[in-house]
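Since the structure comes first, as structure tokens, the remarks are kept for the end.
Please treat every number below as a calculation from the coordinates, not as lab data. Not measured: the values here are computed from a predicted model. Neighbour counts run over all protein chains shown; Cβ positions are idealised from the backbone, glycine included.
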Amino acid sequence: MTALSQHDLFWVERRACSTDRRRSPTRSLHHYGVTGRRVMQRRKTDAALIATDRFDKPVWFAALAIIVLSVMDFILTTIILDSGGKELNLLMNHVIEQSSSLFFAVKYSLTALAVLILVAYHQHLFFRAIKVKTILYGLVFGYSSLFVYELRILASI
């Protein structure tokens, strides 16, 4: 008979004193949708790029701020264009010429998709140099600067 290693003894003792987790029902999916389960990469052997579904409050605030500022950018851009301004972004200028509702749909969809990806991978490094969380915070600063710039344009009209 072989002797158990220290590691094996730990797990045998832990299993002996713990209750069988299979006896209680599994939590509803709603619980995991609200609080999430995956905070970070658990093992070194896990895939290098793993998304998380639990986030810090500053990350949530940054995501919400970007979405709100994006909607405000749409509103202010529309007002400026109605006052005789011109869209400098060639892609968005083409979309605006099609229709205002298409402009909002494209702008909001692109922004929401980008925010979703950045939030899901906020703990990773972009090009092994910059934290994705830092990019998210930078976008808040950029959108805030754009908001102030558009307010100045409106004030001069």
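Here is how the numbers come out for the structure above:
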read-out	value
Length released on extending from LEU113 to LYS86, taking residue separation times 0.36 nm less the Cα-Cα span	7.1 nm
Percentage relative contact order, the stretch 40-156, counting C-alpha pairs under 8 Å, at least six apart	36 percent
Packing-based order for 69-79, 146-156, using average beta carbon neighbours within 10 Å, highest first	69-79, 146-156
Amide hydrogen neighbours beyond the local backbone of LYS131, cut-off 5 Å, H modeled	PHE126
FRET efficiency, ILE75 to PHE141 (Cβ-Cβ, R0 30 Å, nearest 0.05)	0.90
